[in-house]
Amino acid sequence: MIILVNPRATRPANRRFPLSVMAIGAALPPDVSWVILDGNRPGSDPLTEAFDLIRARAGGADPVLAVAITVMPGPQFPNAVTLTKSLKARHPAVPIVWGGNFPSLYPRPVLNAPYVDWLVRGQGERTFVELLQVLRGDRDPKSVAGLAFRDGGRPWVGPERRWAGPDELPAPPYHKIDVPDYLRPTLLGSRSGVYQASIGCPYSCNFCGVISVYGSREKVESPARTERYLSFLVREYGMNAVHFYDNNFFLREGHAVELAERLAPLALSWWCEARVDAMLRFSDATWRTLKRSGLRMVFFGAESGSDEVLRRMAKRLTTAQIQELAGRARTHGIIPEFSFVLGDPDEPRRELENTFSFIRRLKHINPRCEIITYLYTPTPQRHGTYGGVDPLSGTPETLEGWAEPQWMGWMTHEDPQVPWMTADLKAQIEDFQLVLRSRFPSVHDLRTRRWGQEVARWLAARRWRSGRYGNPRLLRAVHRLAQMPAPDEQAYGHLRPEGAAR
């Protein structure tokens, strides 16, 4: 038996299909039994459940051959470390495998951990299947692409694996999970699910972890296959909304049209991520088709209000294109979410001023556009990092170091301790964000009572008109008084339930 563990990453109310471990399980040979332990489910205790499975199967015909743990940077990480150490201490003979974005980005500290035996880098389905051959003694681990481990105490990192597209992989194993338990309310619908119809991204933005893990490539599932599995979820379980996890949902207009036409009969509300320039190339007829198919909101990486910074980020995008996209989205009634990376290593103050001014222009063009900001966190890259910084300089050499609170701020992009982002600059960002969300309440903000939103909107109007954001004490007081109980700090991202704020 293989135990696939999805450590806790969010509060139970925000649980979603554990797609990463589902994909690994689906790829296993038919004669290999497997189970998913998901720490995000209510009352779940993956550690105790794993202990019980290992003990119950020891000495039997189907003992636990390995425990595989998916690990994302952020709230999931410290839970994964604690769980892994406890498992290895109790059952030292059971191999433990780490996969996911964190070990793919930062293999060195993982290989320094004596309680992690194997590391799967990048796409894991086929690498993990070949690792089982290694564990049975039938294969040399150095022959497995995508695998890393300690060889006589020294790190061995194998070559990258040539990864497969969705159409080359098995069907999602919905029979192995309690599907209704994962269909949770979000802004889009009362029974929202998640799906991933592609892997990778063909662009080369030099601050993005997706490119670091997969390179500048993307493989897309056929619209017919996407329709088949979403139809199943709608028909059998009443799913009425879906968030696509693809890093870049639209590549070609013809593909977008076909997919939209296949989705339309399903009556789903849906959300996705896309490139500004890709959707600008779409005709108005295509935009209307997407709208009719249920597309409600699209996340776009705008990243900066400066063409020069966009060039240095290798975005292959201009501020004029972003503004044009905001206008077209308004025309067609689709809400654009624009993300911005704040904290240019060379001129952070000037970049903040440029981006704040640009956000004001976007709000003038399309008041409904959502604004999401992150603090720039240098991420390991393949060909140079934005700002010319060393993304590994000063980062921990151990998993215990990464689990310290200061590195949580790094992994979540909320408060990276980088020298160019001083306390006064961070304060400016917080003040601007408060005035912005007061003047233009987010559609995601269902935590602030209605009276609080109205008072804050009125108080913020003068500050927004004048461009003076500093020290908005009264706005802070209003929001503090008008807030309903705060959600768990680990409840983050685009899939908050109704009642949570961004």
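The values are calculated or read from the model by the stated rules, or taken from the named source; none is laboratory data. As the structure is a computational prediction, the values presented were derived from the model and not from experiment. As a convention, Cβ positions derive from the backbone with ideal geometry for all residues, glycine included, and neighbour counts pool all protein chains shown.
Considering only residues of region 52-94 that are touching a Phe, Trp or Tyr at 6+ places or on another chain (Cβ under 7 Å) and either modelled with pLDDT under 95 or part of a helix (DSSP H, G or I) (or both), which is farthest from Pro7 (Cα to Cα)?
Arg90
Need the failing condition index for Leu474 against (1) outside any helix (DSSP H, G or I); (2) at pLDDT 95 or above, just the number.
Among (1) outside any helix (DSSP H, G or I); (2) at pLDDT 95 or above, Leu474 violates only (1).
If I filter region 18-39 down to residues being buried (at least 22 other Cβ atoms within 10 Å of the Cβ) and either of a type outside the set (A, V, I, L, M) or not assigned by TED's automatic domain parsing to the domain that holds Ala61 (or both), which single residue comes out as farthest from Thr412 (Cα to Cα)?
Gly25
In the set Glu261, Glu324, which member is under 29 Å from Phe232 (Cα atoms), in contact with a helix residue (DSSP H, G or I) (Cβ under 8 Å, 6 or more places away or on another chain) and of a type in the set (Asp, Glu)?
Just a single option satisfies the conditions, and that option is Glu261.
Out of Pro405, Pro396, I need the residue that is under 28 Å from Ala427 (Cβ atoms), touching a residue at least 24 places away in the same chain (Cβ under 8 Å) and not small (Gly, Ala, Ser). Which one?
Pro396
Would you please list the contacts, defined by Cβ atoms under 7 Å and residues six or more apart or on different chains, that run from a residue in region 88-111 that is touching a residue at least 24 places away in the same chain (Cβ under 8 Å) to a residue that is among the basic types (Lys, Arg)?
Sorted first by the residue in region 88-111, then by its partner, the pairs are Ile96/Lys88; Pro103/Arg121; Ser104/Arg121; Pro107/Arg121; Leu111/Arg150.
Picking from Val129, Val97, which residue would you name as being closer than 26 Å to Gly200 by Cα, modelled with pLDDT of 95 or more and surrounded by 23 or more Cβ atoms within 10 Å (Cβ to Cβ)?
Val97
So Gly467 ticks every box in (1) in contact with a Leu (Cβ under 7 Å, 6 or more places away or on another chain); (2) over 30 Å from Val110 (Cα atoms); (3) not charged (D, E, K, R) but one. Which box is left unticked?
Unmet for Gly467, out of (1) in contact with a Leu (Cβ under 7 Å, 6 or more places away or on another chain); (2) over 30 Å from Val110 (Cα atoms); (3) not charged (D, E, K, R): (1).
Kindly provide the set of residues from region 294-334 that are farther than 26 Å from Ser269 by Cα, assigned to a helix (DSSP H, G or I), of a type in the set (A, V, I, L, M, F, W, C) and touching a residue at least 40 places away in the same chain (Cβ under 8 Å), ordered by number.
Val309
Which of the residues that make up region 221-258 are charged (D, E, K, R), crowded, with 17+ Cβ neighbours inside 10 Å and not in a helix (DSSP H, G or I)?
Glu221, Asp246
Restricting region 335-371 to residues that are of a type in the set (A, V, I, L, M, F, W, C) and either on the phi > 0 side of the Ramachandran plot or in a helix (DSSP H, G or I) (or both), which is surrounded by the fewest Cβ atoms within 10 Å (Cβ to Cβ)? Let's see the steps before the verdict.
Of all residues in region 335-371, those of a type in the set (A, V, I, L, M, F, W, C) come to 335, 338, 340-342, 352, 356, 358-359, 362, 365, 369, 371.
Next cut, either on the phi > 0 side of the Ramachandran plot or in a helix (DSSP H, G or I) (or both) only: 352, 356, 358-359, 362, 365.
Values: Leu352: 20, Phe356: 21, Phe358: 19, Ile359: 20, Leu362: 22, Ile365: 17.
Restricting to residues being of a type in the set (A, V, I, L, M, F, W, C) and either on the phi > 0 side of the Ramachandran plot or in a helix (DSSP H, G or I) (or both), the top hit is Ile365.
Just give me the residues in region 300-325 being among the small types (Gly, Ala, Ser) and over 14 Å from Ser204 (Cα atoms), in sequence order.
Those that are among the small types (Gly, Ala, Ser) and over 14 Å from Ser204 (Cα atoms): Ala302, Ser304, Gly305, Ser306, Ala320.
Can you pull out every residue in region 428-467 that is β-branched (Val, Ile, Thr) and in a helix (DSSP H, G or I)?
Passing the criteria: Ile429, Val435, Val455.
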